[in-house]
Every structure is written in C-alpha cells, then in structure tokens.
1. Based on the mean of other Cβ atoms within 10 Å per residue, sort peptides 264-273, 121-130 so the most packed one is first.
2. Kirkwood Rh over alpha-carbon pairs of the chain, then Stokes-Einstein at 10 °C and 1.306 mPa s: what D in µm² s⁻¹, rounded to an integer?
3. Relative to the longest principal axis of the chain, what angle (0 to 90°, nearest 10) does the C-alpha long axis of helix 437-463 take?
4. Please give, to one decimal in nm, the separation of the simple spin-label points placed at Leu163 and His75, each 7 Å out from Cα toward the Cβ.
5. Arrange the peptides 369-382, 439-452, 200-213 so that the one whose residues have, on average, the most other Cβ atoms within 10 Å appears first.
6. If R₀ is 45 angstrom, what is the calculated FRET efficiency for the pair Thr13 and Ile320, using the beta carbon separation as r and rounding to 0.05?
7. Mind giving me the nanometre distance, one decimal, between the label points for Ser111 and Gln447, set 7 Å out from Cα along Cα→Cβ?
8. What is the local net charge at Arg164, summed over the other residues whose Cβ is closer than 11 Å to its Cβ (Lys, Arg +1; Asp, Glu -1)?
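Computed from the coordinates by the stated procedures, all read-outs in this text should not be read as laboratory data. What you are looking at is a predicted structure, and each value in this text was computed from that prediction instead of being measured. Note that we place each Cβ from the backbone using ideal geometry, even for glycine, and neighbour counts take in every protein chain shown.
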Amino acid sequence: MDTNVAVSPEPGTRDQAVRDAVARARGSAFYTRHLSGYAVQTRADLAQLPLTFKRHLRDASPFGMLAVPPAKAWHYHESSGTTGEPISTWCGLAEVRLMAARLQRMVPEMSNDCIMLNRFPLFAPVSFIFEDALRMTGGCHVAAGNVSWDVPFTRALDFIRRLRVTALAGLPLEAILLREVAREQGLDIHRDVNSLRVILCGGAVLPPALRRLIEQDWGARVVEIYGSNETMGLGLSCVEGRLHLCTDLVEAEVLDPQTYSAVEPGEIGVLTVTSMAHEVMPLVRYVTGDLVRVSHEPCRCGEPDPVIEVLGRVDDVIEIAGARAMPYDILDATYKFADGLGTRTFLIVVRRRGLHVRIEVANPRQARDAAAERRLGEQIGLPVTVEYLRHNEVMDRTALFRTPKIYKPSEITDWRGAGRKPITIMEALLEWPRFDGRTLLHIALRQLRNARRRRRILREDRQA
C-alpha cells in the first residue's frame with residue numbers, strides 16, 4: 001500500500017476516480033458480495049448500487065470490511081458498543097495524511113508554534129489526524145483525552161494555563177465545561193487563560209449560537225470538524241466559519257431518510273458517502289445517519305467545496321404531536337435564550353408534551369421572562385416549559401473536581417513514611433478525593449432535591 005499523501009482527482013477525472021474507489025472497495029469480503037453483479041462507469045451509476053448501513057459494518061466486524069490484510073492497516077479502532085456489538089474501524093496512513101494536510105491548510109493556527117491540547121480520546125481516529133497535521137508543521141501535541149482519569153478537566157485547564165496552549169480540540173461542550181472550571185477556581189479566562197487562538201470542535205452539532213458563545217468566552221476562533229470513526233474526515237470549516245464538505249475524501253449524496261431517493265439541492269436529507277481516498281476500509285454509499293443541508297453557493301473564503309450544515313442524527317429528531325425539531329435548532333435557540341439570562345448551563349428534558357428546560361441562573365425567583373420563553377418555543381417549534389434553578393443544580397461542578405488520582409499499578413507498597421498506605425492493589429492504583437462534612441451534606445441534599453424533581457416529572461407525564 002502506498003504510504004505517500006494521496007492526490008485528489010481533477011474534476012474532469014471524477015468518473016474514473018469513482019470507478020477506482022468502487023474497485024478498491026471490492027477488495028473487501030463484504031463488498032465482494034454486496035456489489036456482486038453491479039457495474040459503475042460514471043458518478044451517476046452510484047445511485048444504482050445498494051446502500052451500506054451501520055448494521056452491515058457491525059455484522060462484518062472485525063475483518064469483513066477490510067480491503068487489505070489487517071497488518072497493512074495503520075490504526076484500528078472499535079466503537080464503544082453501548083448500543084450493540086462494537087463496530088471495527090481500520091484506517092491507513094495515506095488517507096490520514098491526506099486529511100491532515102487539509103487540516104493544516106485550512107487551520108493556519110496549527111503552525112510551528114502551535115501547542116494543541118487534544119481532548120479527544122486517543123482511540124478515536126481524529127487524534128491520528130491531529131498528530132499528523134502537527135508533525136507536518138512542527139507543532140506540539142498534548143494528548144489528554146477527556147475520558148482519561150489521569151487528565152480530568154481541572155488538569156486540562158491547568159495545562160492550557162501553564163503550557164500556554166494555543167489550540168484546543170474536543171467536543172463543543174468541552175469549552176463550556178472548562179469555562180465553568182475556570183470560574184469555580186476564580187480565574188478570568190480573558191486575563192488568566194488567554195493563550196488559545198483556535199478551538200476545534202467536533203463529535204456533536206455546533207449551532208451558530210454555541211459557536212458564537214465559545215468564541216466570545218475564550219477569545220479564540222472556532223473551527224468545526226465533521227466526520228466519524230468509520231468515515232474519518234468529512235468536513236472542515238473555513239475562516240468564514242462555514243463547514244465545507246471534503247469532496248477529495250468522499251463522493252456525497254443527500255437522500256430522503258425514508259425513501260433513500262435523492263433530495264432536491266438545498267433540501268435536508270441524510271448524508272450518504274462513498275470513500276474516494278480510503279484504501280484500507282473503503283465504504284460505498286454508506287448511510288451516515290446524519291441529517292444535513294448542502295449548499296453549492298460560493299463561499300467568500302474561496303474554498304470550492306460545497307458548504308454543509310450538520311443538523312443532527314436522524315434518530316435524534318424529536319417529534320411531539322406532529323411537530324418536529326432537530327437538535328441543531330433546539331440547541332441554537334436554547335443557547336440564545338441562556339445567553340440572555342447570563343448563563344451557559346442548562347439541560348433539556350424531552351417529555352411527552354414538550355421540552356422541559358432546566359436552567360441555572362443567578363436569581364431563580366426573578367429570572368422568569370414569559371415573553372422570552374414564548375419566543376424560545378416558537379423558535380424551536382415545540383412546546384417548552386422552563387425551570388429556573390440555582391448554581392450547581394443542573395451542573396454539579398464538584399463532580400469536575402472529583403476525579404481520582406491515578407498511580408502506576410503496583411504490588412509493593414511501602415508504609416514506612418508518612419504517605420499513603422494502600423492495602424489493596426486498587427487502593428494503590430486509585431486515590432479517590434475526600435470531602436468535608438459540609439460538602440457531603442450539600443451533595444446529599446442536592447441529590448434528594450433532584451430525586452423529588454425526577455419523581456414529579458415522571459408523575460406528571462404519567463398523568464398527562
């Protein structure tokens with residue numbers, strides 16, 4: 001397998017590139033069967049091929065989707081398996097380098113003086129892309145995934161402050177949580193944690209209001225990255241803040257989520273992709289499950305690729321009494337509403353008759369604004385009720401400080417000094433935080449209040 005950076009095809013050779021992509025896919029056991037009897041001569045012929053769904057990837061795991069011997073792949077990944085059997089993902093060095101080159105080109109902040117704090121888990125393929133992009137520029141990669149107990153939110157914020165980190169990568173909510181940690185520690189972000197130049201957000205929808213608030217809070221440009229473990233990179237936002245589909249990486253179709261026929265240009269549909277650069281685990285007409293809207297109008301940044309809006313998963317669309325709303329629109333409207341109240345902290349509970357927004361404010365007794373609540377419901381298009389709560393009632397910030405300290409695994413413990421005296425291997429490995437009586441009482445009372453609220457909401461829904 002060629003490990004050099006792949007070259008994207010010229011527009012005039014797109015039909016040939018599609019033929020080559022399908023031919024590569026036929027190297028896998030799955031597509032040998034799945035595409036048997038089908039021929040492709042032009043891009044238009046793709047529409048005649050059968051679709052590939054996530055269940056196919058799950059059934060074919062671990063080796064069925066591979067178009068090369070396993071040892072020829074560069075990295076392997078598995079999904080968590082929380083909704084079923086894990087899905088295997090294999091990627092090659094050539095395709096990672098192509099994606100890294102695009103990232104390096106479109107994000108000039110990733111220069112040779114860049115220090116990136118990467119909060120995505122290292123088991124996620126996007127981390128390999130960051131690593132390779134920084135290798136190209138000579139920047140520094142701080143690999144500190146947010147699911148690691150060894151690098152909790154408090155330590156991540158400390159890295160940003162002490163190391164003068166210039167780039168942060170993670171879920172959009174990461175920036176909100178780190179802001180809350182800074183506030184709890186009495187830090188002013190613009191004064192005390194002011195080195196960030198760019199924040200790369202991916203893994204969840206990024207509506208305009210959330211993008212604006214992150215940029216406002218941190219004084220850094222937000223770059224949206226779009227993709228998945230199985231597809232790798234699909235999109236990257238430009239200096240104008242618009243997400244561009246990476247047509248050098250995939251041939252895209254936008255299909256009706258019920259009929260799987262092509263939608264009209266500019267209409268919402270489910271993104272379906274055929275790999276153009278993947279050699280190790282190529283996909284043909286893979287239904288991503290993401291609802292998108294694609295525009296071919298020119299962008300002021302000069303990027304020729306179409307602009308794409310990622311609105312949320314098909315399965316995440318909320319329908320109540322015949323009205324429908326997507327996570328993108330719900331979050332966009334709610335962040336605007338929250339900003340008007342001077343907060344970023346809320347939780348939306350989907351109930352039988354509408355949405356229940358639990359939101360933290362400075363003064364719950366005086367916060368209610370019936371007109372603003374009405375506008376919120378109108379913008380979302382679903383019934384909305386708002387519950388105003390005190391600090392720490394929606395986001396238990398003490399949990400951000402409760403991560404155990406991790407030590408090297410050991411079978412020998414020396415009790416002769418004044419330090420810790422573990423008596424089991426797990427005690428030697430983990431040191432859980434300790435709380436004073438006042439903190440424990442506060443946590444217990446909050447849990448009791450939340451238990452009562454939970455029972456009340458469930459009782460009201462049963463009676464509805």
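1. 121-130, 264-273
2. Using the Kirkwood radius from Cα pairs, D works out to 65 µm²/s.
3. The angle comes out near 60 degrees.
4. Spacing of the two 7 Å Cα→Cβ label points: 1.7 nm.
5. 200-213, 369-382, 439-452
6. Result of the calculation: an efficiency of 0.40.
7. 5.1
8. +2
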